[in-house]
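The numbers here are math on the coordinates, done by the rules we state, and not lab data. Worth saying up front: this structure is predicted, and the values here are computed from it rather than measured. Neighbour counts are summed over all protein chains in view; Cβ atoms, including those assigned to glycine, are modelled from backbone coordinates with ideal geometry.
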DNA sequence: TACGACATGTAATCTGTTACATGATTGA
DNA sequence: TCAATCATGTAACAGATTACATGTCGTA
């Protein structure tokens, strides 16, 4: 019962509410995309597979003449989800072009230009902070889940938790870069003074 | 002159020293793999392509009967590398299964089990810290680049910089998790006391 | 009536890893 | 002599994105 990458988000979201493939994609793009993306090209085929395996159950529920299939999680699906969550192993992958540039920045002659590489990296993370702040603002003003019983359940704390992690993380990176830039500038000033 | 993902590491390493494909792979696995991996299946074809484009220049230099082709960066290659590094845009991708588990941990009934999910995430990052500490230890004791002229150049500071970032980052995540676990446990204790 | 959101699906493409094939050299 | 390392290369596969095709519905 190994779950693939897409199955994990699908079962996760379906454990909260019944959704169509389209709905799932909306929620992914609004939340997990920052650390776990999923495209239509993965979602729709996987919904079929998961239904065949009996982890989810689909029901046709067209809106007028517009075809729509809403899926709900089954007991077997819940078991699979819980067993994945409770498994202590998990992968972490970081692919960071800014770090790669810093790593090779010795190839740049001018010290000011090398500092600029760090500053550019900081800027990328500032943008991420802004994006996440926008997400946070949206969450507090207009909750994405609008069903009344959903708002009533106040115990859905974990997504906010993860959002906080994202904000804290990107802010930390910005500060790290700024600290290192400052100490680099100080070191350089000393060298400059020595030469004068 | 858009560089693809593998071209970036190749040009970066060749800007320091002349290397074979095998050498490049060794260096990637020893350093950038934590944020920028590359496999033989990418490296060898790309070396050919970069030579055709004139960004690198290969020379056959067999060791005895063992075939070997060593590449050096050209002036055009240096220009391409510098222009990529100085470009302010860069991608950041994080794929974090632990965060995904935390995100969906509301599906787990027991509060203790939910805390365990956070603890497991912390553990993954502790392992990363250990791995990076091993890398750091290797660097200070036996520098990977052993050519004397290389050791003499003391101005290759950026790789150590990036290593420091990795260590600081993973330690920060561990502390973040521990802080949140503690505050979660305190909140729970209060609820428990209220019920009592 | 036209546009944007709703809704499903797939084919082409791209990127990257894994595994294998092949063979030489070095050192225990 | 045997295993590990040096060395190059490719085919098969896995994972994911992009772009397209198709059509409905609500609303400005």
Next item on the list: Return the distance in nm (one decimal) between the two label points of a simple spin-label model at residue A:157 and residue A:63, each offset 7 Å from Cα along Cα→Cβ.
Entry: 3.4
Margin query: Angle check, please: helix B:75-86 long axis (alpha carbons) against the longest principal axis of chain B (alpha carbons), in degrees 0 to 90, nearest 10.
Written below: 20
Margin query: I need the calculated FRET efficiency for the pair residue B:70 and residue B:172, taking r as the beta carbon distance and R₀ as 35 Å, to the nearest 0.05.
Written below: 0.30
Item checked: residue A:22 versus residue A:136: modelled label distance in nm, points set 7 Å from Cα along the beta carbon direction -> 3.3
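Please find the FRET efficiency linking residue A:188 to residue B:1, where r is the Cβ-Cβ separation and R0 is fixed at 41 Å, and quote it to the nearest 0.05.
That pair, residue A:188 with residue B:1, gives E of 0.85.
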Item checked: Per-copy distances of the residue B:183 label point, shortest first, in nm (7 angstrom along Cα→Cβ) -> 2.7
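How high is the relative contact order of region B:5-86, in percent, with contacts defined as C-alpha pairs under 8 Å that are six or more residues apart? It would help to have the intermediate numbers written out before the result.
On the way: 93 pairs, mean separation 28.6, N = 82.
Relative CO of region B:5-86 lands at 35 percent.
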Next item on the list: Determine, for B:32, B:74, the number of other Cβ atoms within 10 Å of each Cβ, and report the residues in order from fewest to most.
Entry: B:74, B:32
Margin query: Suppose you put the label 7 Å out from Cα in the Cβ direction; list, shortest first and in nm with one decimal, how far residue A:83 is from each other copy's label.
Written below: 5.5
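May I ask you to derive the relative contact order of chain A, considering only C-alpha pairs under 8 Å and at least 6 residues apart, and to give it as an integer percent?
17
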Item checked: Coordinate range along principal axes, alpha carbons of the protein assembly as shown, Å, largest first -> 69, 47, 37
Next item on the list: As a check on your grasp of the helix formula, calculate [θ] at 222 nm for chain A: sum -39500 (n - 2.57) over DSSP H runs of n ≥ 4, divide by the residue count, round to the nearest 500.
Entry: -21000 deg cm²/dmol
Notebook entry, point to check: Among A:86, A:121, which comes first, then next, by fewest other beta-carbon atoms within 10 Å?
Noted result: A:86, A:121
Notebook entry, point to check: Taking the simple approach of a point 7 Å from Cα along Cα-to-Cβ for both residue A:110 and residue A:86, what is their distance in nm?
Noted result: 6.0
Next item on the list: List the distances, in nm and shortest first, from the label point of residue A:18 to the matching label points in every other copy, placing each point 7 Å from Cα along the Cα-to-Cβ direction.
Entry: 7.0
Notebook entry, point to check: Shielding of A:156-169 by partners, i.e. mean partner chain Cβ atoms within 10 Å per residue?
Noted result: 5
Item checked: On Cα atoms only, tilt of A:40-52 relative to the major axis of chain A in degrees -> 40
Note to self: Please rank A:52, B:51, A:93, fewest neighbouring Cβ atoms within 10 Å first, as an exposure proxy.
What the structure shows: A:52, A:93, B:51
Notebook entry, point to check: What's the angle, to the nearest 10 degrees (0 to 90), between helix B:5-14's Cα axis and the longest principal axis of chain B?
Noted result: 60
Next item on the list: Compute the Kirkwood hydrodynamic radius of region A:1-126, taking the inverse of the mean of 1/r over all pairs of distinct Cα atoms, and give it in Å to one decimal.
Entry: 17.3
